[in-house]
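Take a look at the structure set out below.
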Amino acid sequence: MSVESPYCPMVPAAIAFLVSADAKDAAELAAPLEASGFRVRVSKDFTQLREAIREHTPDIMLVHSKKAFGAELALYTSLKAILENKFVPLVVIAETCSEEEEAMALSAGVDEVLIRPYHPLVLSARLHSLLRIKALHDELVDANARLQQISRVDPGTGLYNRRHFFERLEEEFERVKRHRDYLAVMMMDVDHFKEVNDTHGHLFGDFVLRRLAAVLQNTSRRIDIVARYGGEEFAFILPATTIWAGASLAERIRRTVADTVFEDGEAKMKITVSLGVAEVQQGLATSVDNLVMYADKALLKAKSLGRNRLAVYGVYDRKAPIFEDDPTASTAP
């Protein structure tokens, strides 16, 4: 085994950002790194390194310094804030280092301290150990992200689930209280969904819910939050939306669903939906539960008056105007 070219069982082409103010030192430091399989990018100071990190995230950072611990070290440890939740090991390569300085550097956020001169095999082993830790950290972050996604998504439709709906609604409600903005909630129920299952079976019913979820996402706005509330009931958070803007969106959804043919193999049918809309200011809602309850009351009113329509909940008369196929012919109960 060659000392100059140590064997390195590492991830191919790992990227190392090296900081050294002296060009000769930088070349000497980069040589064993490149021999170990790293792609080395050299910066002469902190400013250049920070800009390089903004362009690309390295696998490891190495800072050459006379001492292991100094005032400038805080600048480099602060880079972890730019990297957010990404773990990039920080290594200090020092010309001299006391035990106290090494301890202070490690306590300040440095992951490894190397003192020159060092053997290339030791350099390779230390850096690969840090890369293994980084790989485990990255796997854990990815796994947590997947778990978070699973915890807030309804598996049957791919929409957000009820839990996430209420979490986001609480956030939006707090925002509205601070800024006195509009916020509407819309509840939607598939009319006579039991007939879908009874006619074509539950597998087709599952298909209808998935297809309906896609229709709702395509018909709603980018700022809206669409969730499966439970069974064949869906809920919408409509930020910065007045009661009548919410009613307009509800009517567009109602018409789109009514015009959609749900077809899977030989099974084919149309469905209709009923919707209820409530808004914070219009309904004088004092809590998230109030707002959802008002939207649900409007939904129940729409269903009680024949379904395939929408109703809005108003603060003054506490009644819900109904929109049918011809909105100009709407009546108030």
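Tabulated data
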read-out	value
Under 16 Å from the Cα of Lys86 - aspartates and glutamates, other chains or at least 8 residues apart	Glu55, Asp59, Asp111, Asp138, Glu139, Asp142
Per principal axis, descending, Cα span of segment 34-127 in whole Å	34, 32, 24
Segment 222-236 - phi-based ³J(HN,Hα) in whole Hz, Karplus 6.51/-1.76/1.60, Gly and Pro as x	5, 7, 7, 10, 10, 9, 8, 7, x, x, 9, 10, 10, 10, 10
Share, in percent, of DSSP beta bridges within the chain that are antiparallel, nearest 5	55
Segment 216-304: translational diffusion in µm²/s, Stokes-Einstein, Kirkwood Rh over Cα pairs, 4 °C, 1.567 mPa s	92
Violating pairs (Cα-Cα greater than 31 angstrom) within the set Lys44/Lys134; Lys134/Lys177; Lys80/Lys177	Lys134/Lys177; Lys80/Lys177
Cross-link partners of Lys24 among aspartates and glutamates (Cα-Cα below 19 Å; sequence separation of 8 or more within a chain)	Glu4, Glu34, Asp45, Glu95
Rounded to 10°, Cα long-axis angle of helix 202-219 versus longest principal axis of the chain	80
Where N is the number of residues in the chain, Cα Rg divided by 2.2 N^0.38 Å	1.52
The chain: relative contact order in percent, alpha carbon pairs under 8 Å with at least 6 residues between	11
Set of lysines with alpha-carbon distance to Lys270 below 21 Å, sequence-local pairs under 8 removed	Lys194, Lys303
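Read-outs throughout are calculated quantities, based only on the coordinates presented, and are distinct from any laboratory measurement. Quick caveat, the model's predicted, so the values are computed rather than measured.
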